[in-house]
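Enquirer: Before we start, here is the structure in question, set down as structure tokens.
The values are calculated or read from the model by the stated rules, or taken from the named source; none is laboratory data. Worth saying up front: this structure is predicted, and the values here are computed from it rather than measured. Virtual Cβ from ideal backbone geometry, glycine too; neighbours counted across all protein chains shown. These accessible areas exclude ligands, DNA and RNA; they are computed on the full protein's heavy atoms, side chains included. Shrake-Rupley method; radii C 1.70, N 1.55, O 1.52, S 1.80 Å.
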Amino acid sequence: EMSGRVTEYRIVVPISMDEMKHGELYMTAKSSSEVTSDREGIEVIASRSFSNDDGEEGYFTHKIIHVSNSLPDWLARFLPGDVVQIEEKSWNMFPLIKTEYSVQSRLLNTGVNIRVKTIMIEDDGSTENAHQLPPSMLKSRVVDHIDIAYDDLSTTWGPWNGVDLGVKEFRTSKVEPPRGPLAPGWKKTVKPRVCAYKLVVVDFKSSLSLIRKRGTAWTQHVVRNVYLQTYSQIYCWSDEWCDMTFEEIRRMDLEVAKELQA
């Protein structure tokens, strides 16, 4: 059962399922190493294989993401500079991924919990109930289609703010078959393609109603922009990872994790 605001983001990328598996891990490793600085960035607590009693197996990561310098002014005024860090736990069982984010501020009795369940399907984003939600949740669910080629990247929150990757005009030079540029309506016609169906539940708790109201809206804005940015990067970096085996990308990811180990 889920409480909080429920949004299902659907992000189509013009790559195959196997390419998505490679590209997503490459994007995670590269972006983790690029955004890390003295006060901002990612600290890896754990990175290992897992299995549980439910028969699930995959790869578990536990990270702390430091974001204090990237907060909006209205929120930064309420919080001391070093207080904000996001705890991320992820269970990657590709094509199913479960992720939990937690942000806590003891000073303001404020907390944000975000739960994400991602299912990858080789389609154009038209599967009506990819997560097999019950009728009660379908009624309250909001569906948001993200278009990596035509949505505005210039408002993206975070360390890549204002970076336009030129997704619409991008052409691969090494990937076979070649991809790009992406014409209007591309999601219906381009193949291969994979859609990430991301069910996101945001639960923003605060004793201050102003922070709670604005915080929920800001969190949704951040989540949408992060997905727009990261899936654009998976596609636009495809010439970098297309010749790498999954084992090579995993080694790269483990090396980055070791560098960022707490």
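Enquirer: Obtain the radius of gyration and the Kirkwood radius of the range 161-262 from its C-alpha atoms and give Rg over Rh.
Expert: 1.07
Enquirer: Between Gln85 and Lys191, take the C-beta separation as r, use R0 = 45 Å, and let me know the FRET efficiency to the nearest 0.05. Before the final figure, lay out each step's value.
Expert: Working: r = 41 Å, r/R0 = 0.91.
That pair, Gln85 with Lys191, gives E of 0.65.
Enquirer: In Å and from the alpha-carbon atoms only, list the Rg and Dmax of the range 206-262.
Expert: Expressed in Å, the Cα Rg and Dmax of the range 206-262 come to 17.8, 51.
Enquirer: Going Cα to Cα from Lys21, which aspartates and glutamates come in below 12 Å? Please leave out same-chain ones fewer than 8 positions away.
Expert: The qualifying aspartates and glutamates are Glu247.
Enquirer: OK, next. What value does the range 109-153 have for Rg/Rh, both radii from Cα atoms and Rh as Kirkwood defines it?
Expert: Radius of gyration over Kirkwood radius for the range 109-153 works out to 1.04.
Enquirer: With 27 Å as the limit, write out which pairs from Lys98/Lys168; Lys63/Lys168; Lys89/Lys187; Lys117/Lys191; Lys139/Lys168; Lys30/Lys188 have Cα-Cα distances beyond it, or answer none.
Expert: Lys98/Lys168; Lys63/Lys168; Lys89/Lys187; Lys139/Lys168; Lys30/Lys188
Enquirer: Just want the answer: with Cβ charges of +1 for Lys and Arg and -1 for Asp and Glu, which residue in Gly166, Ile234, Asn129 is farthest toward the dipole's positive end in the range 113-262?
Expert: Asn129
Enquirer: Show Arg10, Arg214 ordered by accessible area, largest first, where the area counts protein heavy atoms only and the probe is 1.4 Å. List each step's numbers first, then the result.
Expert: Details: Arg10 10, Arg214 105 Å².
These residues rank, largest area first, as Arg214, Arg10.
Enquirer: If you don't mind, another one. What distance in nm separates the simple spin-label points at Ser209 and His145, each placed 7 Å from Cα in the Cβ direction?
Expert: Computed distance between label sites Ser209 and His145 equals 3.7 nm.
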